[in-house]
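Every number here is computed from the coordinates shown, using simple stated rules; none is lab data. Note that this is a predicted model, so its numbers are computed, not measured. Virtual Cβ from ideal backbone geometry, glycine too; neighbours counted across all protein chains shown.
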Amino acid sequence: MSVPLVLVHGGAGDVPEDRRERHARGCLEAARAGGAVLAAGGSAVEAAVAAVRVLEDDPVYNAGRGCALTRDGHVSLDAAVMDGATLDVGAVAVLPPFRNPIAVAHALLREPEVLLAGPEAGRWAEAHGFEPVAEDELITDAVRARLAEALREGRARNFAGGTVGAVARDVEGRLAAATSTGGTMGKAPGRIGDSPVVGAGTYACAEAAVSATGDGESFLRSVFAARLADAVAAGADPAAELRRRLEEARDRYAGLGGAILLTPEGPPLRAWTSRGMSHGWWSPEDEGCGI
Ligand code: GLY
């Protein structure tokens, strides 16, 4: 038997002082929601998805409501969930507006397809009972203001209150990872980040579960999550390897960010090379949050 655990992140970046407490507390609430699933006998996958849903519903984070926009002002959602016990993956990219993209990815988890993208992903979601929402339901005034800033600067960028993710471990020691994002603010239409790409921003196997946040292109190019999980599976020290891979993404692939990592027995691990990363965790033994 393992100690069940849920660890979440609310995105890498520099959250202004007056909002730090709010970002960290939101992560704790999400971890508790995942923990309630585990306490009721739910699986690691169900717990990770439940935690991410809470963060998608909270407009301070860049996922679901409050997500970043393309440079032409549209919603384009990426999300993935991976079951470390079965290696099943469900992922959606460039998804049109749905309230909880992680729920769509979850519905895809046991299907033969791993990743659906674009309008067809939206049609698949509708055919499987998900209701699309009007784009305006997901777009907040704060997000419109941040898009205007990004356009003034002339480049897509991450913003504090970024990508969200969760890793979970159930009593059987099974692991899962889930990640959801609107991507970079002012991104090119059609751009897909690391979050829905298995092995880049999201990965889970028997030995490790990883969710990343930050400059997606560096995590894509460094195949971040899978290489981290493989190294842990091969016996590397999880905390040291997490830090080493993030430094590699920064120094060799020119991207800043953070990640969370769980193993079948170990503590909740988190690290970042960005200015901060809001996070929260829950287990029957303790809970907490930080940034
Ligand atoms: N890390 C999220 C993204 O770059 O889309």
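Any idea which of E149, E126, E120, E131 is more than 16 Å from the ligand (Cβ to nearest atom) and within 19 Å of L256 (Cβ to Cβ)? Lay out the reasoning, then the answer.
Details: E126 fails: within 19 Å of L256 (Cβ to Cβ); E120 fails: within 19 Å of L256 (Cβ to Cβ); E131 fails: within 19 Å of L256 (Cβ to Cβ).
So the residue among E149, E126, E120, E131 that is more than 16 Å from the ligand (Cβ to nearest atom) and within 19 Å of L256 (Cβ to Cβ) is E149.
Taking G186 as meeting all but one of (1) within 16 Å of the ligand (Cβ to nearest atom); (2) surrounded by fewer than 24 Cβ atoms within 10 Å (Cβ to Cβ), write down the number of the exception.
G186 satisfies every listed condition except (2).
May I ask you to say which residue of T179, T202, T213, T163 is crowded, with 24+ Cβ neighbours inside 10 Å and touching a His at 6+ places or on another chain (Cβ under 6 Å)?
Working: T179 fails: touching a His at 6+ places or on another chain (Cβ under 6 Å); T202 fails: touching a His at 6+ places or on another chain (Cβ under 6 Å); T163 fails: touching a His at 6+ places or on another chain (Cβ under 6 Å).
Unique residue meeting the criteria: T213.
If I go through segment 223-250 residue by residue, how many of them are part of a loop (DSSP other than H, G, I, E, B) and buried (at least 24 other Cβ atoms within 10 Å of the Cβ)? Please lay out each step first, then the result.
First, pick out the residues of segment 223-250 that are part of a loop (DSSP other than H, G, I, E, B): 223, 234-237.
From what's left, buried (at least 24 other Cβ atoms within 10 Å of the Cβ): none.
Total meeting the criteria: 0.
Hey, any hits in segment 190-213 for a residue that's of a type in the set (G, A, S), touching a residue at least 60 places away in the same chain (Cβ under 8 Å) and over 20 Å from L7 (Cβ atoms)?
Yes, segment 190-213 contains a residue that is of a type in the set (G, A, S), touching a residue at least 60 places away in the same chain (Cβ under 8 Å) and over 20 Å from L7 (Cβ atoms).
Yes or no, residue by residue, for (1) aromatic (F, W, Y); (2) closer than 26 Å to A168 by Cα; (3) over 16 Å from the mean Cα position of the chain (by Cα); (4) not in a loop (DSSP other than H, G, I, E, B):
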residue: L55; (1), (2), (3), (4): no, yes, no, yes
residue: G66; (1), (2), (3), (4): no, yes, no, no
residue: V81; (1), (2), (3), (4): no, yes, no, yes
residue: L87; (1), (2), (3), (4): no, yes, yes, no
residue: P112; (1), (2), (3), (4): no, yes, yes, no
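Restrict the check to segment 205-222 and report whether at least one residue is near the ligand (Cβ under 10 Å from one of its atoms) and assigned to a loop (DSSP other than H, G, I, E, B).
yes
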